[in-house]
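Contents: one structure, followed by commentary.
The values are calculated or read from the model by the stated rules, or taken from the named source; none is laboratory data. Since the structure is predicted, the reported quantities are computational estimates derived from the model, not experimental observations. All Cβ positions, even for glycine, are placed from backbone atoms using ideal geometry, and neighbour counts span all protein chains on display. Quick note on the areas: whole protein, heavy atoms, side chains included, nothing else; ligands and nucleic acids left out. Shrake-Rupley method; radii C 1.70, N 1.55, O 1.52, S 1.80 Å.
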Amino acid sequence: MAASVWKNLLQTMKERILQQRRASLYVGAHGYEEELVKKKLQQFPGGSINLSKGDNGIGILILNNPKLMNAFTGTMMLELQERVTELENWKDGKGLIIYGAGNTFCSGSDLNAVKAMSNSQDGMNMCMFMQNTLTRLMRLPLISVALVQGKAIGGGAELTTACDFRLMAPGSEIRFVHKHMGLVPGWGGAARLVRMVGSRAALQLLSGAARVDPQRALCLGLSEETLSSSDGTKALEEAQVWLSQYTEGPASVIQAVKKVVTVGRELPLEDALRTEKDIFGTVWGGPANLQALVRRPKHN
């Protein structure tokens, strides 16, 4: 009886945490109607977002529109949302690597879609749709890495900030070019950038539309490491090895680690403490915890 009650309690906590992670920023607010946005985006096809999930718990998400430097078409935005939903439901997942086909990362939005959605309301709707999707991506219970090869510019630069880490290949760059388009970031990139590098550096990068090469990215704390190869296959192998040092262990524990970091970053202290307690409850007495007690590991 007690075991059944405890199991139900854990399931309730897991469901509540998942609901919080999926919560839309704009449901029923700011004139946002998601189904209408989706119908509009569907009118701009091209490219794809491909996802493979490895037995090692590491997923590979590929932005596949190399003719346009992997710019997001409308249907690619829709597919990204679908892939994020799939990753939210991946029970065995531990890590995620995002990279672009054709040895470049992403050049932002497809200008054909941008021109066709140039009125204010359409632009705002696309902004809210992508903010929702990238916020959910950031909150995934997976440790995520943006593998930056070639250029990550505009919305592509914003996408890198939705990942936990960034690895850059030699010769690559991250560049927030929004100013040159008469814009500011709208997919959440500015808010995330300030939290990563501080307001002073963020203001310089946004107002100067500066190219951030691997060396400067390391100095700013925008990148974790510069890879040794710019070749797509070799760079991906390097990124997988780098990520594996953080995904070693049971998926339940890795996911719990990511969740407590997410709530610590996003919630007020008291709410973060309560949610951390709930997450702790999902792993305490679990298989990994019990096996560790049997092994009695030494932390030398």
| task | Within segment 258-300, count every residue that is of a type in the set (A, V, I, L, M), under 30 Å from the mean Cα position of the chain (by Cα) and assigned to a helix (DSSP H, G or I). | result | 9
| task | Would you check which residues across segment 88-100 are surrounded by fewer than 20 Cβ atoms within 10 Å (Cβ to Cβ) and free of Cβ contacts under 8 Å to residues at least 60 places away in the same chain and list them? | result | Asn89, Trp90
| task | Output the number of residues of segment 241-270 satisfying the condition of being open to solvent by 20 Å² or more (accessible area, probe 1.4 Å), in contact with a helix residue (DSSP H, G or I) (Cβ under 9 Å, 6 or more places away or on another chain) and of a type in the set (Gly, Ala, Ser). | result | 3
| request: Considering each of Leu273, Leu222 in turn, give the residue that is at pLDDT 95 or above and open to solvent by less than 70 Å² (accessible area, probe 1.4 Å). | output: Leu222
| request: Give segment 64-111 a look and list any residue that's in a strand (DSSP E or B) and modelled with pLDDT under 95, or say none. | output: Ser109
| request: Inspect all residues belonging to segment 229-238 and state whether any of them is at pLDDT 95 or above, within 28 Å of Ser52 (Cα to Cα), in a strand (DSSP E or B) and within 20 Å of the chain's Cα centre (by Cα). | output: no
| request: Go through segment 111-140 and count every residue that is within 18 Å of the chain's Cα centre (by Cα), under 13 Å from Val37 (Cβ atoms) and not aromatic (Phe, Trp, Tyr). | output: 7
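Listed here are the residues, each with its yes/no results for (1) over 14 Å from Leu96 (Cα atoms); (2) among the basic types (Lys, Arg); (3) assigned by the TED database to the domain that holds Glu34.
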{"position": "Lys115", "(1), (2), (3)": "yes, yes, yes"}
{"position": "Asp122", "(1), (2), (3)": "yes, no, yes"}
{"position": "Asn132", "(1), (2), (3)": "yes, no, yes"}
{"position": "Pro141", "(1), (2), (3)": "no, no, yes"}
{"position": "Val145", "(1), (2), (3)": "no, no, yes"}
{"position": "Val148", "(1), (2), (3)": "no, no, yes"}
{"position": "Gly156", "(1), (2), (3)": "yes, no, yes"}
{"position": "Glu173", "(1), (2), (3)": "yes, no, yes"}
| Of the residues that sit in segment 101-122 and are out of contact with any helix residue (DSSP H, G or I) (no Cβ under 7 Å at 6 or more places or on another chain) and in contact (Cβ under 8 Å) with a residue 24 or more places away in the chain, which one is surrounded by the fewest Cβ atoms within 10 Å (Cβ to Cβ)? | Gln121
